[in-house]
Structure formats: structure tokens, C-alpha cells
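The values are calculated or read from the model by the stated rules, or taken from the named source; none is laboratory data. Computed from a predicted structure; not experimentally measured. Glycine gets a Cβ as well: all are built from the backbone with ideal geometry, and neighbour counts include every protein chain shown. Each accessible area value is taken on the protein alone, full model and side chains, heavy atoms only, with ligands, DNA and RNA left out. Shrake-Rupley method; radii C 1.70, N 1.55, O 1.52, S 1.80 Å.
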Amino acid sequence: MSVSTSLAPDWLLPPSDANALADGVWPASARRDDDGVLRIAGVSASQLRDEFGTPLYVVDEEEVRTHARRTLAAFRAAAAPHGVQARVYYAGKAFLCSEVVRWVTAEGLAVDVCTGGELAVALAAGADPARLGFHGNNKSVAELENAVAVGIGSLVIDSWVELDRLAAVAERAGATQAVLVRVNSGVHAETHDFLATAHEDQKFGFTLSEAPAVVARIRECAGLEFVGLHCHIGSQIFGTAGFQESAARLVELHADLLAGGDIPVLNLGGGFGIAYTSVDDPTPIEALATGIVEAVVRECAARGIPVPNLAFEPGRAIVGQAGVTLYEVGTTKPVEVDGGGQRLYVSVDGGMSDNARPALYGADFSTRIASRVSTENPVLVRVVGKHCESGDIVVDADYLPADVVPGDLLAVPATGAYCFSLASNYNYVPRPPVVAVRDGSARVIVRGVSIDDLLAHDAGLDRGRVAPSDRLERTEGAE
Ligand code: LLP
């Protein structure tokens with residue numbers, strides 16, 4: 001079969017070896033065994049399929065732990081020469097379950113949650129409430145009450161409404177709740193670029209100019225203790241420039257606010273990018289940490305103020321590279337496209353229900369055959385799911401050996417962040433379990449959601465089914 005490469009995006013070049021596993025995209029433990037089968041943490045993909053079925057989220061525990069350790073060490077090493085501490089919160093929204101909470105807390109990370117549900121998972125896993133942070137733009141009274149009652153380390157105030165709500169909750173509870181104020185620094189880094197705008201048109205936080213009044217009000221509330229500013233400029237950001245610019249603006253505000261009292265911490269959020277394909281080249285976390293901390297130190301020195309303790313909230317950078325999703329190929333179909341190009345569509349047994357990122361953000365992923373190697377020439381493929389949407393794409397463009405066939409196992413790397421957490425049961429497609437692999441063994445850490453589970457939620461079934469007589473009359477058109 002000859003498949004043209006003309007439909008490939010500019011950045012994607014045919015690989016010299018369509019079996020190769022790109023460095024930095026796969027877990028460090030990923031390799032092929034003597035039969036060419038992919039192994040992660042010593043566990044073969046074929047064995048995983050036999051034991052757990054497909055689709056399957058696979059997460060390499062040691063890879064998560066390594067990123068957690070490395071990130072904490074990087075920020076601590078950057079902060080220590082300046083006599084301040086750095087705390088790293090794992091942003092649970094990237095992928096939260098009790099095992100992950102245990103892994104990251106064992107490696108010294110605190111945990112950041114943004115809903116009562118995420119808080120419940122962290123607490124159920126046994127996390128120390130004092131080492132939890134809770135942000136989000138619409139925390140309910142019940143969520144705030146619960147957070148204060150369990151003794152949460154800090155809450156991030158996002159609006160005037162919430163300020164009043166939390167002040168009342170804390171007073172009723174007789175607590176003194178540590179709070180930060182979410183500030184929108186006006187640095188917009190999603191596009192790998194940043195621009196200054198006076199008023200970002202988005203839902204999070206207060207503007208820089210509003211923040212002093214917010215902090216003044218907090219300082220008047222008996223039940224609240226203002227501990228610092230909080231900012232998060234976006235996600236999947238490469239490079240340090242946006243973080244540095246944002247840090248500079250935050251330090252300026254922080255310096256002004258010192259007139260009203262001590263401010264022990266400055267939380268600069270998360271957003272550190274990872275590689276999804278072989279052409280992505282994220283800045284190493286050590287360089288990011290040094291660059292960001294040095295920007296803060298420089299700005300503090302320029303204003304003659306002490307450097308505050310620093311906090312960060314990476315999610316994707318901790319878990320992203322640790323995840324690999326396994327699928328089975330169901331059908332293949334070469335499609336001629338106007339203009340002469342041809343693309344091989346490869347349909348797998350999952351899709352936008354287990355990985356919504358391509359459909360939501362146009363995100364790129366890559367793929368390899370996991371169950372074997374092949375010496376066939378690479379062809380341009382688009383890996384698609386089984387949902388009733390043409391936008392149901394898992395891997396928009398990559399190359400696979402031309403003999404890819406139904407029954408092959410495909411692996412999609414870098415699915416550890418925002419895949420399980422964004423999953424749905426669209427089209428009543430079951431939700432895959434999550435299996436952790438470590439030292440040659442595998443265990444389920446989150447059970448899947450089966451069709452029986454879904455039917456059990458259908459309360460109408462408790463009240464009966466379509467009566468046989470109704471079925472007959474309708475189909476015959478009798479009235
Ligand atoms: N802190 C705050 C306040 C956040 O809003 C976020 C992410 C993080 C930390 C963690 O960001 P990270 O280090 O993981 O980039 N679903 C999207 C990403 C949404 C991120 C939302 N906030 C995606 O799949 O790309």
C-alpha cells in the first residue's frame with residue numbers, strides 16, 4: 001500500500017524507525033523486549049492486555065515518584081541559596097486517586113485540590129489536611145465549611161462573594177483560616193507568548209489593581225489570615241519568560257502589600273509543559289525553577305524587600321509522562337483526501353471518552369504499535385476512537401508501520417495527565433481501569449466503569465421496561 005505523506009503537519013517527519021520510542025515522551029522504563037513487545041516498568045503490554053483488557057490506562061509509579069522528587073529538589077535547590085523555602089503542591093486535577101496521593105505525599109509534595117470531590121479523595125487517602133491547598137472559582141458554602149472543619153492548610157480566595165462567604169464560615173467555626181488571594185497577573189502564556197492586558201476576560205481571580213482592596217478586607221476579618229498572593233498563568237507552557245514576567249508583577253504587588261503586615265508566601269501556580277511528541281522540547285524543571293526563583297529574587301532585591309517562601313502547583317509535569325494508554329486496533333481504512341493525499345485511519349476501542357484532549361484542545365499525541373515491531377515502511381496514520389463524532393481523534397497524525405492491522409495493540413504515551421481526569425462515558429463506552437506498574441508487576445489502582453455499572457445508574461430500569469404490547473403496536477403503526 002502506498003500512502004502519501006503530504007497530509008502530515010509540517011512538524012511531523014517520517015521516522016527512520018517507526019518502532020522507536022522517543023526519549024522524553026515515554027516513561028523512562030519503556031522499552032521493547034526480545035520479541036519486540038513494549039514493556040513498561042518490566043510489564044509487557046501483551047500481558048497487560050490479557051489481564052486487564054483494552055483500552056487501559058497504564059501508569060508507571062516510579063516515573064511519577066521520580067518527577068515528584070525531581071521537581072521538589074529543583075525548587076528547593078533554587079530557593080535554598082536565598083534563605084527561603086519552596087513548597088510544591090501536586091495539582092490533583094491532572095490525575096487524582098488515593099494511590100497517587102500516597103506516592104506524591106511520600107515524596108514530600110503537598111496536594112492542591114479545586115473541588116470538594118478532589119478534597120475528599122485526598123482526605124480519604126490519608127493526606128495531612130494542613131498540607132492541602134484548595135483553590136477554584138466557585139467553592140460552595142458546604143465545600144468551604146468542610147475545608148475549614150478538616151483544618152485545610154490554605155484556601156485561595158477567588159472573588160468578593162467568596163471572601164464574604166469564607167469569612168462567615170470561618171467565624172461560625174471559630175477558626176482562623178489561612179487564605180491566599182488569586183490574582184490575574186495579566187500574563188497570558190497559553191500561546192507560548194505573553195501579552196500584558198489590563199483586564200483578562202476570564203473567570204479566575206482578581207486583577208492586580210483590585211487586589212489591595214481585597215487584601216485589606218481580609219485583614220479586617222477575624223476568621224481569616226492573609227498569607228500570600230496566588231497566581232497561575234496557564235498550562236503546558238514551555239520556557240520561563242511568561243513565569244518570570246508574571247512573578248515580577250506579583251512581587252510588585254506583594255511589596256506594596258507588605259505595608260499592611262507580613263506576607264509569608266508567594267504561590268506562582270503550575271503550568272510546566274511536557275513532551276507529547278518527539279518534537280516537543282520542554283525546558284527542564286531545574287532550569288525553570290532556577291529561572292523563576294531568580295526572577296523573584298531580582299524583583300525583591302530591586303524593591304529592598306525580603307524574599308518570601310515560594311509555592312508551586314505542577315500537575316501535568318508530575319504525572320503526564322508516566323501514563324501510557326493501550327488500545328486494540330479494530331479497523332483500518334485508507335482514505336483519499338481531495339488534493340491527492342491519502343491517510344490511513346486506524347480505529348481503536350476507546351477514543352474521546354478516555355482522552356478528550358485532542359477534541360477539546362486540538363492536542364497532539366503520538367503512537368506506536370505495542371505488541372510487535374515491524375520492518376514495513378512508515379505510513380501516515382490518524383488514530384480515531386469508536387465514538388459517533390468525526391472529531392473523535394486520539395492521535396491526529398503520526399507514522400506507523402504500513403502493516404498495522406486489526407488486533408494490533410497500540411500504545412499512546414504521555415497520557416498520564418488530564419486523560420483519566422477528563423474521561424466520560426460518552427456513547428455508553430465503558431471507562432477503562434487504571435493499572436499501576438512497578439518492578440515487573442501490575443495492579444489496578446482505579447477500577448473501570450463497566451456497562452453494568454452504567455445500567456445500575458439508570459433509575460428508570462427500577463420501574464420496568466418497554467412492555468411487549470407497546471413494542472408490537474408501535475412497530476406496526478397501529479393506533
Ligand atoms: N494550579 C492551578 C490554579 C491550576 O488552575 C492548574 C491547572 C494547575 C495548578 C496545574 O497546571 P499544570 O501544571 O497541570 O499545567 N485540561 C487541560 C489543562 C487544564 C489546567 C487547569 N488548571 C489540558 O488537558 O491541557
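Worth a mention:
- One residue stands out among those in the range 212-250 that are open to solvent by 30 Å² or more (accessible area, probe 1.4 Å) and of a type in the set (A, V, I, L, M): the one that is nearest to the ligand (Cβ to nearest atom), which is Ala241.
- Verdict on Gly153 being buried (at least 18 other Cβ atoms within 10 Å of the Cβ) and at positive phi: no
- Here Gly36 passes the criteria (1) within 27 Å of Gly270 (Cα to Cα); (2) of a type in the set (Gly, Ala, Ser); (3) open to solvent by less than 30 Å² (accessible area, probe 1.4 Å) except the one numbered (1).
- The range 101-156 - residue that is of a type in the set (Lys, Arg) and within 16 Å of the ligand (Cβ to nearest atom) and, of those, nearest to Phe206 (Cα to Cα): Lys139
- Verdict on Ala255 being more than 16 Å from the ligand (Cβ to nearest atom), modelled with pLDDT under 95 and either open to solvent by less than 50 Å² (accessible area, probe 1.4 Å) or in contact with a helix residue (DSSP H, G or I) (Cβ under 9 Å, 6 or more places away or on another chain) (or both): no
- Candidate set from the range 355-381 (those that are surrounded by 23 or more Cβ atoms within 10 Å (Cβ to Cβ) and more than 23 Å from Asp33 (Cα to Cα)); member that is farthest from the ligand (Cβ to nearest atom): Val379
- Residues of the range 394-447 that are of a type in the set (D, E, K, R), closer than 26 Å to Ser6 by Cα and more than 16 Å from the ligand (Cβ to nearest atom): Asp398, Asp403, Asp408.
- The set of residues in the range 50-69 that are surrounded by 18 or more Cβ atoms within 10 Å (Cβ to Cβ) and either more than 22 Å from the chain's Cα centre (by Cα) or of a type in the set (A, V, I, L, M, F, W, C) (or both) comprises Phe52, Leu56, Val58, Val59, Val64, Ala68.
- Options Leu422, Leu455; residue that is open to solvent by 20 Å² or more (accessible area, probe 1.4 Å) and within 25 Å of the chain's Cα centre (by Cα): Leu422
- The conditions of being more than 27 Å from the chain's Cα centre (by Cα) and open to solvent by 40 Å² or more (accessible area, probe 1.4 Å) are not met by Asp10.
- Complete set of residues in the range 190-211 that are at pLDDT 70 or above and surrounded by 13 or more Cβ atoms within 10 Å (Cβ to Cβ): Glu200, Phe204, Gly205, Phe206, Thr207, Leu208, Glu210, Ala211
- Criterion violated by Val384 - all others in (1) among the β-branched types (Val, Ile, Thr); (2) away from the ligand (no atom under 16 Å from the Cβ); (3) open to solvent by less than 10 Å² (accessible area, probe 1.4 Å) satisfied: (3)
- In the range 135-149, the residues that are more than 16 Å from Lys93 (Cα to Cα) and either open to solvent by 50 Å² or more (accessible area, probe 1.4 Å) or not assigned by TED's automatic domain parsing to the domain that holds Ala311 (or both): Val141, Ala142, Glu145, Asn146, Ala149
- Restricting the range 303-354 to residues that are basic (Lys, Arg) and open to solvent by 40 Å² or more (accessible area, probe 1.4 Å), the residue that is nearest to the ligand (Cβ to nearest atom): Arg303
- Of the helices (runs of 4 or more DSSP H) entirely within the range 72-178, those holding at least 2 residues that are without any contact (Cβ under 8 Å) to a residue 12 or more places away in the chain occupy 116-124, 160-173.
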